[in-house]
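**Student:** Quick one: the structure is below, questions incoming.
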Amino acid sequence: MATMTLPVHDETNASSTRASTTTPATPIAPAVTPLLGTYKRAPMEIVRGEGVHLYDADGKAYLDFASGIAVNAFGYADPGIASAIGEALSTGLIHVSNLYRTAPGERLAQALVDRSFASSVFFCNSGAEANEGAFKIARKFGRSISPEKTGLVSLRGAFHGRLFATLAATDRAAYQAPFLPLAPGVSITERTVEDLDATLDAKTIAGVIVEPVQGEGGVRVIDHGLLRELRAMTKERNIALIFDEIQCGLGRTGTLFAYEQTGVVPDMVTLAKPLAGGLPMGAILMSAPLAAVMSPGDHGTTFGGGPLVATVALHVLERLADPALLEQVRANGAWLGEELNAMARRTGRVRAVRGVGYMWGLDVVEQAGGVVSRALQAGLLILSAGDYTLRLLPPLVMTRDELKEGIDILEGVLS
């Protein structure tokens, strides 16, 4: 199973009704934007959002099966998030240096500890930063055992970020090539027990990082039996096991943390994406033995865990941990999988369907980019996860009727 981006078809009547209530804005001309060209942006300008829809400068509505790449768990114009931001701003504290204590970050850390295996939490600003920090912690843990125990390992198909160490752990030669040499001591191995057993040398490997559901790598659900074997190996060899739940965590698979479904308790979990409701925030959750090796000055952050983002993140966490929401994600996710498989059989244009909860991938028989573009024209926002894989990441509050609307649009686009 894996996460994929799916196309959707035009909303016609519903779209035109919503469009009549919007005031067209002047679109941004892509040719003159001073933004660095690191993204191939779609041509429309998004000007507002409401519920599970986004609207462009011409008033056209788009059903959102992307969620800002798994960020906007509650969709758009959510009153609870707006209230949490207002509460944070009312104190006058947007930022306070981490040289001083503030309550919001400490409350958030306690809430994460209470809901997980962790004893300590480190806050930062993004998923890539969280993974880089986890690598540092794993390496210091390894060096506390032996000076040679510094190696880091990731799995085939992994995506862990675009910084020097996380890029080295990301299985994308094209992403890596322009920036060589990358951080040393990082290797990628196959997703098999035999390859992991051969790679995870007790004398030289400090940590291994795994996405329980690989997102950018094609929405691939890692076999739970493999994860249990990996946990046994890492425990026996004193290797830190890191679960990268940046895309698949915080409710997207139907449990608050993806590891809860695997029968495995890792040593660290990295989080980001939906954590602060769209504000920039990442986190590293760690067990006591890992936390014990870190001392003041070993790592740091200027903005991580500040009072504004932490206040919003606590609100988001409490809602994402709601058993009713998680049950809805599980039930609707199972239904979504059945509907996507039925659609695949009807169209004959889908080779495989993989996923769990609100994270699905479709292997299609044409270039995924073309499907994404046609879906955009039809009023559906989807993602790709490789040249031939579509990725679907709808907001966790999307109803079954809205999910069905998206599937119908996608079927029309594929057909």
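**Student:** Between N341 and R48, what is 0.36 nm times their sequence separation minus the Cα-Cα distance? Round to one decimal in nm.
**Tutor:** Values: separation 293, 0.36 × 293 = 105.48 nm, distance 3.27 nm.
This chain segment gains 102.2 nm when fully extended.
**Student:** Here's a follow-up. Which FRET efficiency, nearest 0.05, do S119 and N98 yield, Cβ-Cβ r, R0 22 Å?
**Tutor:** Working: r = 19 Å, r/R0 = 0.86.
Once rounded, the FRET efficiency stands at 0.70.
**Student:** Taking only Cα atoms, what is the 0 to 90° angle, nearest 10, from helix 307-320's long axis to the longest principal axis of the chain?
**Tutor:** Result, in degrees: 70.
**Student:** Given axes a ≥ b ≥ c from the Cα gyration tensor, I'd like to know whether region 80-320 is rounded (a/c under 1.5), prolate (a/b larger than b/c) or oblate. Mind showing how you got there, number by number?
**Tutor:** Working: a/c = 1.73, a/b = 1.57, b/c = 1.10.
It comes out prolate by the Cα gyration axes.
**Student:** Any chance you could count the Lys pairs in the chain whose alpha carbons are under 22 Å apart, treating pairs 8 or more apart or on different chains as valid?
**Tutor:** 13
**Student:** Using 0.36 nm times the number of residues separating E194 and F303, minus their current alpha carbon distance, what extension gain do you get? Please list the in-between numbers first.
**Tutor:** On the way: separation 109, 0.36 × 109 = 39.24 nm, distance 4.19 nm.
Additional length available on full extension: 35.1 nm.
**Student:** For the chain, with the dipole built from +1 on Lys and Arg beta-carbon atoms and -1 on Asp and Glu ones, taken about the Cα centre, which of G305, T150, V269 lies farthest toward the positive end?
**Tutor:** Projecting each Cα onto the dipole axis, the largest value belongs to T150.
**Student:** Which peptide among 362-374, 153-165 comes first, and what is the full order, when sorted by highest mean count of other Cβ atoms within 10 Å? Don't skip to the answer; put the middle values down first.
**Tutor:** Values: 362-374: 18.8, 153-165: 22.1.
Those peptides, ordered most packed to least, come out 153-165, 362-374.
**Student:** In nm, give the distance between the simple-model label positions of A202 and T33, each being 7 Å from the Cα along the Cα-to-Cβ direction.
**Tutor:** So the two model labels end up 5.3 nm from each other.
**Student:** What's the center-to-center distance, using Cα atoms, between region 263-307 and region 123-201 in Å?
**Tutor:** Cα centroid to Cα centroid, the span is 17 Å.
**Student:** Would you mind checking the tilt of helix 323-347 against the longest principal axis of the Cα atoms of the chain, expressed as 0 to 90 degrees and rounded to 10?
**Tutor:** Once rounded, one gets 60 degrees.
**Student:** Okay, moving on. Taking 0.36 nm per residue of separation and subtracting the Cα-Cα distance, what length does fully extending A77 through I145 add? Kindly include the intermediate steps, with their values, before the conclusion.
**Tutor:** Working: separation 68, 0.36 × 68 = 24.48 nm, distance 4.96 nm.
So the chain would gain 19.5 nm between A77 and I145.
Read-outs: derived from the displayed coordinates by stated rules, not from any lab. Since we're looking at a predicted model, the values are computed, not measured. Note that we place each Cβ from the backbone using ideal geometry, even for glycine, and neighbour counts take in every protein chain shown.
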